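Reading through the structure tokens given below for one structure.
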Amino acid sequence: VALNGEIFNHSELRRELAALGIQFRTESDTEVLANALQVWGQDALKRFDGMYAFVAVDTATGEFLAARDPFGVKPLYLIQNEAGLCFCSEIRPLLQAVETGDVLLLPPGYALSSTSCAPFSSSIRPTTATRTRGCVKTLDHLLAEAVRVRLPPGLPVATMFSGGIDSTLVAHYMRQFRPDAPGYFIGSVDGPDYRFAEEYADKTGFDLRRIAFDPEGEEVFSVLDQVVAATESFEPNLIRGAVCSFAVSERMHRDGFRVALCGEGADELFCGYPPLELAFHDADADGQVIRGECLDLMHRVSLQRVDRCSMRFQLETREPFLDPAVANYALSLDSSALVREVNGLPRGKAALRDVFDLYPDELPAAIRDRSKVPFGTGAGLASQDSAWRSRFDEAISDIDYLDGQDEFEDFSIRSKEELIYLRKLADTPARGAATEWLD
């Protein structure tokens, strides 16, 4: 087995397999994965709680199984040609290793074998027609456990902290088990987020570490080549956020951390985005459809951004909100437990806001009552959009932009910023012409 990621419930699976007579030689979750597949076959996939991409090969028969976790935290690419299949978590090494063939992406929650490629039955259960109003104490327990199992035994851990509802809850539960674990805030002290982050730190003694970030500074643009190469993307929404993730990950690595927690997934599951708030406020069925679309998109943007940037610095970032028990709880809630009307407007994350009331001495009400603020705005990067647009407008003439659209006509380039990212991506070393592998 070649595994990228972590099986968080490997200790429980180890005990279950040991009871069946399996003998283990290491404490590795990879060994648990290998034995689980040997004992239960593909049915083992429904037992895993983790973020993973793996390829397992039966050395006796040559049969193989490749799979990717249900949310797609970890990427998995492959090339097929006359010689067989080659797998990797990045595109570039595949192109350097294989002379011919198209790069394919295994979708989240899919398993590939020599005979099939299809979604597998996972621990993330499909939603049912029966919805519940939930129980705040149940959610409190589930979140605490989701954080606990993602804490690395014997290793220091930190969290990416913005002072929002999601990251505050992650920090709160993390500190129940690791009181000295710090949080990293990136942005300006003048940004809307910082006063909330500071209030939590003042209230609890939280070790808050700020990383200064100037969206107009030269250091931001100087790392764009590295960010594009690390993410293997030219999508502006991903690259802009990735510049911040890149800086946070680099600082965490420099401070000696190899594992971090973050709040990714909470907005999608508990309705933190305005389109979800409006949809669930209008009709539960509409909300379910749009939430499904949001969850399906995570592996393309937010999860790729976090995983690619952190792994660039040997930092493994884990997402407690994507724990199967937490996700299934969120997917079972009815619209009234997700969205409530406040001052005539729908406001999401009702279930998460209720958790704050269980800890009034630790979780500030001001954070509980916050409205959703886009990351850039909250971190004091509101000028980023105009600053970056003017920077790219100055870098490329209108004629060059039109030439670039013709050069990459298959990609429907919509801005000079996107064209610059695409050219940087095309210039990264790989076999053949740039357009060959981008296609």
Report summary line: Taking segment 187-208 and keeping only residues that are out of contact with any Leu (no Cβ under 8 Å at 6 or more places or on another chain), among the polar types (S, T, N, Q) and outside any helix (DSSP H, G or I), one is left with none
Report task. Residue by residue through segment 22-68, note down the ones that are in contact with a Ser or Thr (Cβ under 7 Å, 6 or more places away or on another chain), more than 16 Å from Pro119 (Cβ to Cβ) and crowded, with 22+ Cβ neighbours inside 10 Å. Result -> Asp49
Report summary line: Selection over segment 1-21 where residues are open to solvent by 50 Å² or more (accessible area, probe 1.4 Å) and either in contact (Cβ under 8 Å) with a residue 24 or more places away in the chain or part of a loop (DSSP other than H, G, I, E, B) (or both) yields a count of 4
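Listed here are the residues, each with its yes/no results for (1) acidic (Asp, Glu); (2) within 23 Å of Met298 (Cα to Cα); (3) at pLDDT below 95; (4) open to solvent by 10 Å² or more (accessible area, probe 1.4 Å).
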position: Leu106; (1), (2), (3), (4): no, yes, no, no
position: Ser113; (1), (2), (3), (4): no, no, no, yes
position: Ala118; (1), (2), (3), (4): no, yes, no, yes
position: Leu139; (1), (2), (3), (4): no, yes, no, no
position: Ala158; (1), (2), (3), (4): no, yes, no, no
Query raised in the report: Mind checking whether some residue in segment 69-82 is among the polar types (S, T, N, Q) and part of a loop (DSSP other than H, G, I, E, B)?
Result: no
Query raised in the report: Which numbered condition trips up Tyr184, out of (1) of a type in the set (Ser, Thr, Tyr); (2) at pLDDT 95 or above; (3) assigned to a helix (DSSP H, G or I)?
Result: (3)
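Being open to solvent by 40 Å² or more (accessible area, probe 1.4 Å) and not basic (Lys, Arg) is the filter here; which residues of segment 209-230 pass it?
Result: Ala212, Asp214, Glu216, Glu218, Glu219, Ser222, Asp225, Gln226.
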**Report entry** helices (runs of 4 or more DSSP H) wholly inside segment 231-321 containing at least 1 residues that are open to solvent by less than 10 Å² (accessible area, probe 1.4 Å), of a type outside the set (Lys, Arg) and modelled with pLDDT under 95
**Finding:** 236-254, 274-282, 284-297
Report task. May I ask you to verify whether Leu45 is under 27 Å from Leu295 (Cβ atoms) and either in a loop (DSSP other than H, G, I, E, B) or in contact (Cβ under 8 Å) with a residue 60 or more places away in the chain (or both)? Result -> yes
Report summary line: For Glu199, the lone unmet condition from (1) surrounded by fewer than 21 Cβ atoms within 10 Å (Cβ to Cβ); (2) more than 23 Å from Lys349 (Cα to Cα) is (2)
Query - Residue check for Glu145: closer than 19 Å to Tyr329 by Cβ, open to solvent by 10 Å² or more (accessible area, probe 1.4 Å) and assigned to a helix (DSSP H, G or I) - result: yes
Report task. Sort out which residues of segment 356-388 are modelled with pLDDT of 95 or more and either touching a Leu at 6+ places or on another chain (Cβ under 6 Å) or on the phi > 0 side of the Ramachandran plot (or both), and write them in order of number. Result -> Phe356
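Is it the case, given these coordinates, that Phe246 is under 28 Å from Leu94 (Cα atoms), touching a residue at least 24 places away in the same chain (Cβ under 8 Å) and not charged (D, E, K, R)? Don't jump to the end; show me each part of the working.
On the way: under 28 Å from Leu94 (Cα atoms): yes; touching a residue at least 24 places away in the same chain (Cβ under 8 Å): yes; not charged (D, E, K, R): yes.
So Phe246 passes the test.
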Query raised in the report: Can you pull out the residues in segment 157-181 that are part of a loop (DSSP other than H, G, I, E, B) and within 16 Å of Asp255 (Cβ to Cβ)?
Result: Phe161, Arg178, Asp180, Ala181
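The values are calculated or read from the model by the stated rules, or taken from the named source; none is laboratory data. As the structure is a prediction and not an experimental result, all values here were calculated from the model. Cβ sites come from the backbone with ideal geometry, for glycine too, and all protein chains shown count toward neighbours. Side chains included, ligands, DNA and RNA excluded: accessible areas come from the protein's heavy atoms. Shrake-Rupley method; radii C 1.70, N 1.55, O 1.52, S 1.80 Å.
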